[in-house]
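As structure tokens, the structure follows; a few thoughts come after it.
Coordinate-derived values only; no laboratory data. Everything quoted here is computed from the prediction, not taken from an experiment.
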Amino acid sequence: MAIILISYIAVNTSLSLTYGIWLSVLAPVIIIVIFSRDNNQWYKKHPEFEQPRE
């Protein structure tokens, strides 16, 4: 949500297009990192489920 807000502010303040491109590249990367950490915590709390092997 914060990334969407920052992107919105960047567009409204007429920042360079480079900032928008960087935000659009970084947003999915940050979300993947957050979800992978959350998954690891969930598997630690629920030992009855096996974590898939990569």
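Assorted remarks:
- Structure-based [θ]222 nm, the chain - -39500 (n - 2.57) summed over DSSP H runs of at least 4, per residue, nearest 500: -25500 deg cm²/dmol
- Here the chain is treated as a sphere whose radius is the Kirkwood value from Cα pairs; by Stokes-Einstein at 20 °C and 1.002 mPa s it diffuses with a coefficient of 161 µm²/s.
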